[in-house]
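Rule-based calculations on the coordinates, nothing more; no lab input. Every value quoted in this text rests on a predicted model; they were computed, and no experiment measured them. All Cβ positions, glycine included, derive from the backbone under ideal geometry; neighbour counts span all protein chains shown.
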Amino acid sequence: MQNRRSRHVWEFVETLLGPIIYLGFFGLSYFVATLGCVLSRGNEPMIADPQTTVRIAVLVLTFLALAMIARLTKNGVRLLSQGRDDREDTFLGMLTLALAALSALAIIWTALPVATVQQSC
Amino acid sequence: MAEEATSAVASSGYPNKLPRPPGELEALQKAWEAPRGWRSLTDINNTRVGVWYVGTAFVFFLLGGILALLMRLQLAVPSNTFLSQEAYNQIFTMHGSVMMFLFAVPVVEALGVLLLPQMLGARDLPFPRLTAFAYWAYAIGGTAFFLSLFLDLAPSGGWFMYPPLTNSEFSPGYGADFWLLGIGFIEISAIAGAIEIIIGVLRTRAAGMALSRMPIFAWSMLVLAGIVMVAFPSLILATMMLELERAFGWPFFNSTRGGDPLLWQHLFWFFGHPEVYIIFLPAAGAVSMILPTMAGVPLVGYSLIVIALVATGFFSFGLWVHHMFATGLPALSQSFFSAASMAVSLPSGIQVFSWIATIAAGRLKLTVASLFILGFIFIFVLGGLTGVMVAMVPFDQQVHDTYFVVAHFHYVLIGGMVFPLFASIYYWTPVFSRHQLSEKLGKWAFGLMFIGFNVAFFPMHLTGLMGMPRRVYTYPAEVGWGTLNMISTVGSVAVAAGVLLVCYDLLRRYRITSKETIGNIWNAGTLEWLPNDTYGSRSTPIVTSRYPLWNDPKLAQDVEAGRYYLPGNPTGGRETLATSAIDGEPEFVMRLPKPGWPHVLAAVFVAFMFLSLTVSLIIPAAIFAALAVSSILVWLWDTDPGPDKGLVEIADGVRLPTYNTGPQSISWWAMVLLMVVGAALYLAYVFSYFYLWTVSPQVWPNPKFREISHVGWAIAAGVLLVASGVFIHLARHLLPEPGARQIGFPAMVAAAAALLVGSLAVDFKSQLDAGLMPSRDSYSAMTYLAIALQGLLVLTLVIGAGFVIARYVAGKLDAARRLSMQTLYLLWVYAVGQGLFGLLLTRGFPRLVGE
């Protein structure tokens with residue numbers, strides 16, 4: 001009984017991981033974009049071409065975030081397939097998958113401007 | 001325990017047999033008896049405090065509405081002289097501040113306080129005195145803040161208080177200080193409420209009410225409380241910084257000394273945008289409760305709505321910059337926020353479609369509550385559409401600071417929150433009142449409010465597109481905005497008439513009672529419609545579906561007869577069932593406090609402390625602070641009752657403990673949540689630190705050119721911090737067994753406190769010796785702010801150390817009864833972590849970037 005309770009607590013935390021990954025990705029992308037601009041200022045800029053640097057950094061972040069979401073999705077699918085007898089497993093598994101899907105969409109959507117916006121700073 | 005519970009249900013059908021022992025109900029009633037006369041002010045029961053809370057928020061809504069009417073009268077005709085420019089500035093500032101801080105946020109928390117325990121099958125919230133403290137802090141602070149308007153002390157810099165307009169040069173006097181300290185105080189009350197709500201929702205649900213069966217309103221309150229805990233600290237930090245700048249010249253927002261006014265906007269909107277969802281999500285939760293009842297079918301897409309609520313809660317933190325599109329931020333940064341602002345419309349859309357599907361699946365009864373919900377869907381969707389418009393950077397730059405934006409956010413806030421609130425008033429009144437509100441008057445009120453609202457606010461889209469800026473007190477006739485403004489004013493009068501009708505009906509028909517309510521007149525399916533008294537329902541049901549009253553039509557009768565869990569009060573006092581966070585399985589019987597004065601006095605003294613600080617009376621402020629701390633310590637003295645009651649029977653053959661420590665105890669949860677709040681505040685500080693460095697790297701010291709405190713001092717401070725952590729850890733293990741003494745314990749706690757103070761003193765003194773003065777530049781101010789934030793923690797821990805030593809001396813702290821030490825230890829570990837990080841940041845980063 002205690003094991004099931006603890007397992008459910010971790011599954012609940014796992015449901016929140018999708019949006020947390022999105023927020024982490026979002027915050028880091030914003031940070032990278034800002035830092036890119038700051039370091040390209042002045043007479044001896046540390047970054048000569050912030051546009052390319054930021055693009056590469058955000059691309060890497062996007063792949064990392066999507067890879068983590070994919071891993072989470074795998075867990076969610078496992079939870080759904082294993083937890084047919086357990087109502088909470090099913091519920092939390094579905095929550096995990098749907099939130100992961102929404103987060104993946106939001107990550108791709110947020111990353112798109114890197115490809116379309118011509119001027120970073 | 002839960003296995004025993006399940007077997008009890010399986011063998012007899014009900015956990016308890018009838019008839020119940022004589023005197024059981026009377027003992028329960030006596031334990032939950034409400035104090036009378038003057039002592040009624042000490043009441044902590046959620047039904048009474050909840051009604052006060054909602055009532056006070058509603059009064060502020062009326063006051064904020066009167067201010068809105070004054071503004072509309074002023075703007076009705078061109079070149080009007082009804083209000084002076086300064087009076088108009090004060091009124092629009094107070095209107096926004098009152099509606100957002102004194103009405104919208106408090107009223108949704110108040111609804112939670114009022115409804116959640118009944119909805120979850122609990123007798124009360126887990127920290128009823130904290131709820132009452134939050135209420136009194138809000139009521140006193142809010143009243144003092146509003147009264148500033150009549151003393152010509154009201155702020156006039158807008159509800160967002162942007163510097164440099166609000167710095168001491170451009171806003172002299174006490175007006176801005178009233179806002180900064182008043183709102184800071186009210187924020188603390190909101191955070192206290194949020195902690196209470198999270199623990200209430202996760203730990204006091206009825207047996208069997210797993211997360212998948214939890215009412216949507218509880219889900220929405222859970223998400224709301226989570227947002228409050230992360231978003232509000234950012235504003236608390238911002239108000240601290242602006243007040244420090246105004247009072248002592250620490251230049252956080254002063255660009256001549258390395259500060260940046262835009263930092264305020266970042267911090268303010270990091271709070272301000274999630275605030276929109278803080279207001280909207282509980283209202284959406286209420287709609288998801290009312291619609292199924294009115295349509296007579298379960299909510300369509302329960303899981304989808306949960307997903308939407310959680311996703312909205314998280315996504316809301318990626319939107320703040322869309323309030324700053326016109327400030328000249330880099331194009332790519334703006335695009336990130338523009339994309340995120342559009343992404344958030346997805347989960348909102350999911351909710352709207354679920355509601356429409358619920359209406360389509362059932363047969364909607366056209367009651368007043370239903371009408372307000374239909375009005376809400378119409379208005380909110382329009383507000384959402386204009387929201388997507390202003391999320392686009394080029395469009396936003398065109399309409400920024402025009403009446404288009406005023407129209408947009410009133411569609412979102414009034415549509416998304418006020419209409420569902422009125423639906424809630426009509427829907428839930430029978431739970432707390434002897435009479436139902438008039439459906440006839442209610443329909444008139446709805447008609448006036450719905451038509452009036454659209455007449456008032458739709459034309460503002462047009463005046464905005466025609467270029468009318470916000471916050472102007474008048475305009476010349478030649479610009480051609482007169483007719484549309486007159487139409488808006490007429491509409492606002494119609495809204496006011498609708499609200500007045502509801503007030504009249506409330507005064508005429510609303511009679512608060514904990515007994516003899518009219519009951520479940522709508523045939524609703526959730527637990528708040530069980531027969532209620534001050535103790536909630538007689539016994540706590542076992543929940544097997546999302547709509548238990550629909551599932552078992554005899555449930556109300558069985559619960560009232562005492563057939564379910566905890567039909568009496570086995571410890572002899574007030575108590576409620578504590579259940580596991582996910583599965584809702586009974587874990588222990590949580591003992592609840594009785595009414596008393598300390599929390600009321602604490603709120604009064606804290607309010608006076610803030611008021612004294614506002615008018616720069618430092619000594620009275622220190623006296624009130626000491627009185628407030630004393631009241632809080634008296635209040636906390638009996639919060640750890642210990643395991644003396646052992647196991648008690650909550651049903652035939654089912655016995656549960658009455659005390660728990662560690663992660664199962666609710667005080668552990670409260671401290672962990674408080675640490676999350678602290679971490680959010682510190683994260684806002686770290687953001688500010690790096691932000692100011694990116695804006696003004698030239699004021700960050702370069703060790704080659706400017707003296708910087710020697711690294712040895714930082715190492716010394718760090719060593720002292722770690723040593724204090726080690727000492728407090730050892731002290732925990734020195735707690736004696738009950739009845740025994742261990743002199744090493746108080747000595748170890750005292751030594752840990754001394755080391756903590758020593759660490760702070762070394763840090764402070766070494767910065768001072770290096771010639772760093774906080775008013776010199778933004779780097780210096782940020783360095784001293786880190787010390788001040790750590791100092792607040794250290795002060796709290798030193799008081800806490802004294803408190804646990806006193807409890808040890810009084811024989812109230814030992815290895816078995818150790819909640820106070822457990823919570824102190826958690827905070828101590830957090831303080832050591834924060835302190836070390838602070839040292840690394842303020843001492844290490846300048847060396848890293850300066851070399």
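About its Cα centre, how strong a charge dipole does segment B:98-221 have in debye, to the nearest 20, once Lys and Arg get +1 and Asp and Glu get -1 at the Cβ?
Here the size comes out at about 700 debye.
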> Considering only B:251, B:228, B:263, whose Cα is most displaced toward the positive end of the charge dipole of segment B:137-290, charges sitting on Cβ of Lys, Arg (+1) and Asp, Glu (-1)?
Replying inline: B:228
> Whose amide H sits under 5 Å from the amide H of residue B:579, counting only residues 5 or more places off or on another chain, with H placed in the peptide plane?
Replying inline: B:204, B:205, B:587
> Which of the peptides B:231-241, A:51-61, B:813-823 is most tightly packed, and how do the rest follow, judged by the mean count of other Cβ atoms within 10 Å per residue?
Replying inline: B:231-241, B:813-823, A:51-61
> Pulled fully out, how much extra length does the chain show between residue B:521 and residue B:478, if you take 0.36 nm times their separation in residues and subtract their Cα-Cα distance?
Replying inline: 9.8 nm
>> For segment B:797-850 and segment B:45-124, what is the centre-to-centre distance using only Cα atoms, to the nearest Å?
In response: 38
> Looking only at other chains, what is the average number of their beta-carbon atoms within 10 angstrom of each beta-carbon in A:90-103?
Replying inline: 4
>> Testing the spin-label approximation: label points 7 Å from Cα along Cα→Cβ at residue B:679 and residue B:27. State their distance in nm.
In response: 4.3
> Shielding of B:199-211 by partners, i.e. mean partner chain Cβ atoms within 10 Å per residue?
Replying inline: 1
> For the protein assembly as shown, list the cysteines whose Cβ sits under 4.7 Å from no other cysteine Cβ?
Replying inline: B:503
> Near residue B:365, which aspartates and glutamates are there with a Cα under 18 Å away, not counting those fewer than 8 places off in the same chain?
Replying inline: B:439
> For segment B:656-776, with only Lys/Arg (+1) and Asp/Glu (-1) charged at the beta-carbon, what is the dipole magnitude about the Cα centre, in debye rounded to 20?
Replying inline: 140
> Dividing the alpha-carbon radius of gyration of segment B:152-258 by 2.2 N^0.38 Å (N being the number of residues), what value is obtained?
Replying inline: 1.46
> How much length, in nm to one decimal, is gained on full extension between residue A:59 and residue A:77, taken as 0.36 nm per residue of separation minus their Cα-Cα distance?
Replying inline: 3.8 nm
>> For residue B:770, project a label point 7 Å along Cα to C-beta. Then give me every residue of segment B:813-851 with its amide nitrogen under 17 Å of that point.
In response: B:835-851
> Extension gain residue B:816-residue B:41, at 0.36 nm per residue separation less the Cα-Cα distance, in nm?
Replying inline: 275.5 nm
> Going toward the positive end of the dipole of chain B, with +1 on Lys and Arg Cβ and -1 on Asp and Glu Cβ, which of B:781, B:367, B:450 do you reach last?
Replying inline: B:367
>> Place a point 7 Å from the Cα of residue B:34 along the Cα-to-Cβ direction; which residues of segment B:494-527 have their backbone N under 14 Å from it?
In response: B:510-517
>> Could you tell me the calculated FRET efficiency between residue B:441 and residue B:809, based on Cβ-Cβ distance and R0 = 60 angstrom, to the nearest 0.05?
In response: 0.45
>> Quick check: Cα centre of segment A:45-121 to Cα centre of segment B:456-524, how many Å?
In response: 42
>> Checking the cross-link filter: which lysines have an alpha carbon closer than 29 Å to that of residue B:765, excluding same-chain neighbours under 8 positions apart?
In response: B:704
>> For chain B, compute the orientation-averaged projected area of the C-alpha convex hull (one quarter of its surface), in nm².
In response: 35.3
>> Using the Cα centre of the protein assembly as shown as origin and beta-carbon charges of +1 (Lys, Arg) and -1 (Asp, Glu), tell me which of B:697, A:93, B:173 is placed farthest towards the positive end of the dipole.
In response: A:93
>> Sorting check: for B:323-335, B:109-121, B:32-44, which peptide has the highest mean count of neighbouring beta carbons within 10 Å, and how do the rest follow?
In response: B:109-121, B:323-335, B:32-44
> Among B:190-202, B:281-293, B:301-313, how do they line up from the highest to the lowest mean number of other beta-carbon atoms within 10 Å?
Replying inline: B:281-293, B:190-202, B:301-313
> Average partner chain C-beta neighbours within 10 Å, per residue of B:576-583?
Replying inline: 4
> Separation between the residue B:378 and residue A:13 pseudo-spin-labels, each 7 Å from Cα along Cα→Cβ, expressed in nm?
Replying inline: 4.8
>> Under a crude label model (7 Å from the Cα following the beta-carbon direction), how far is residue B:615 from residue A:49 in nanometres?
In response: 6.5
>> Filter B:440/B:554; B:17/B:812; B:515/B:594 down to the pairs with a C-alpha to C-alpha distance above 28 Å, please.
In response: B:440/B:554; B:17/B:812
> Where the centre of each part is set by its Cα atoms, how far does segment B:751-785 sit from segment B:251-307, in angstrom?
Replying inline: 37
> For chain B, with only Lys/Arg (+1) and Asp/Glu (-1) charged at the beta-carbon, what is the dipole magnitude about the Cα centre, in debye rounded to 20?
Replying inline: 960
